[in-house]
Amino acid sequence: MEQVDVAVIGGGQSGLAAAHALRRQGREPVALEASDRPTGSWPRYYDSLTLFSPAGYSSLPGMPFGGDPDRHPHRDEVVTCLLRYADRLDADIRARTRVGEVRAAVDGTFALDLEGAGELSARGVVAASGTFGRPYCPALPGLEGFAGAVLHAAEYRTPGPFAGQRTVVAGAGNSAAQIAAEPAAHAQVTLATRHPVHFAAQRTLGRDLHWWLKRTGADTLPLGRFLRTPPTQPVIDDGRYRAAITSGAPDRRPMFTGIDGAKVTWAGGHSEEVDTILLATGYRPDLAYLGPLGALDEHGHPIHREDVSLTHPGLAYVGLEWQRGLPSNSLRGVGRDTERIARHLAAHLTRS
């Protein structure tokens, strides 16, 4: 069995940043990426996606994003940036390598089963697989009996297939607002939410929201330790999404109360036929491969404190939503989190 120093599971933004931080600590990481390129989930996001943060606040550790720092880069720019970053890393990055499960070995190391590629032994493990592989589908009233199409935002690419359809988008966050607004130009779309949609201005007093988050220290508050479930973040808006919802394209309604066949019933008793329900309801940690370790709680969430496993000291986490703070699963936040876990793992491996 091949033996490595630290196995980093995931080769997207978090895994690459972790590899960078571990190299700085003198470790020899091996990044294992299930897809064909070290770009994580970015190529699979919807076509019109742009970053919520400007390029100047979206750099990976050791490499500026490049270009106009005030622009909001497109999805494909992020893919290019990640590929460039991977090329510059002096690290072993293995694409098309999916980890099936991780087990504890008797000597205190970890045994990784690689699907179709044998096993790997590692002294330390960084779980950097994010959340995209585990879309969250809440138990909405009657959804399991809906006769139309049910999709998750992970499956949405372009508004074209929804032209002329009656569509309901469930969710109140950034992706929900953006996805609902796109097909609303060519279809009747409703944004269904449990609570009113809250907006955060993209710019205030001439400064981008992320300037204020950094200036006030809100980005570095360790709020993750107090949160059992990720809160719904406000829609970061330059004015277009509030205007779209105010104009009724899409319209916003309280969550439907029931479904009968293809008919959705709204609060007040009105029913209408709907073609598609699209769930923009977020994701949950994609960590099933850690099940054999006993490192997860009953909901599949990691048992950790400040990114370090409480069950296995050689296991650490990066890139999960609200893991430590607001930016933990974003380009602007992974650098701080990975530096922290790299220091911990380096010290742990030196002691052991």
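The values are calculated or read from the model by the stated rules, or taken from the named source; none is laboratory data. The shown structure was predicted, so the numbers you read here are calculated from the model rather than taken from an experiment. Note: ideal-geometry Cβ built from the backbone for every residue, glycine included; neighbour counts use all protein chains shown. Protein only, heavy atoms only, side chains kept; ligands, DNA and RNA dropped before computing areas. Shrake-Rupley method; radii C 1.70, N 1.55, O 1.52, S 1.80 Å.
Can you check how the C-alpha radius of gyration of the stretch 1-73 compares to 2.2 N^0.38 Å, as a plain ratio?
1.30
Taking amide H as placed 1.01 Å from N in the peptide plane, the amide H of Val8 sits under 5 Å from that of Val30, Ala31, Leu32, Val126, each at least 5 places away or on another chain.
Net charge near Ile259, counting Lys/Arg +1 and Asp/Glu -1 over other residues with Cβ under 14 Å of its Cβ? The answer is -3. Start at zero, step by 10 Å, and the Cα-Cα distances of the stretch 230-352 spread as 10, 27, 24, 19, 15, 5, 1 percent across the bins. Ordering of 240-253, 271-284 by packing is 271-284, 240-253, highest average first (other Cβ atoms within 10 Å, averaged per residue).
Shown are Ser14, Ser175, whose ranking by accessible area with a 1.4 Å probe and every protein chain present, most to least, is Ser175, Ser14. Each Lys and Arg adds +1 at its Cβ and each Asp and Glu adds -1 at its Cβ; summed about the Cα centre, the stretch 94-213 shows a dipole of about 340 debye. For the stretch 99-146, a simple Cβ point-charge model (Lys and Arg +1, Asp and Glu -1, everything else neutral) yields a dipole of about 180 debye relative to the Cα centre. Over all directions, the projected convex hull of the C-alpha atoms in the stretch 1-141 averages 11.0 nm² in area.
Looking at the chain, the DSSP beta bridges with both ends there are about 40 percent antiparallel. Averaged per residue, what accessible area in Å² does the chain show with a 1.4 Å probe, protein chains only? Per residue, the chain has 45 Å² of solvent-accessible surface. Distant-in-sequence amide contacts of Arg134, defined by a placed amide H-H separation under 5 Å and a gap of 5 or more residues or a different chain, comprise Arg284.
Measure off, as a whole percent, the carbon and sulfur share of the 1.4 Å-probe accessible area of the stretch 157-300, all protein chains present.
Working: 3850 of 7320 Å².
Reported share for carbon and sulfur atoms: 53 percent.
The distance linking the stretch 103-138 with the stretch 14-89 is 21 Å (Cα centroid to Cα centroid, whole angstrom).
In the stretch 80-134, taking the dipole from charged Cβ atoms about the Cα centre, the farthest positive-side position among Ala104, Gly133, Gly116 is held by Gly133.
For Ala200, the amide hydrogen comes within under 5 Å of the amide hydrogens of Val235, Ile236, Asp237, counting only partners 5 or more places away or on other chains and with H modelled in the peptide plane.
Magnitude of the Cβ-charge dipole of the chain, K/R +1 and D/E -1, about the Cα centre, nearest 20 debye?
Details: 37 positive and 38 negative charges, 208 e Å.
That gives a dipole near 1000 debye.
DSSP finds beta bridges in the stretch 1-94, and of those with both partners inside it, around 20 percent are antiparallel.
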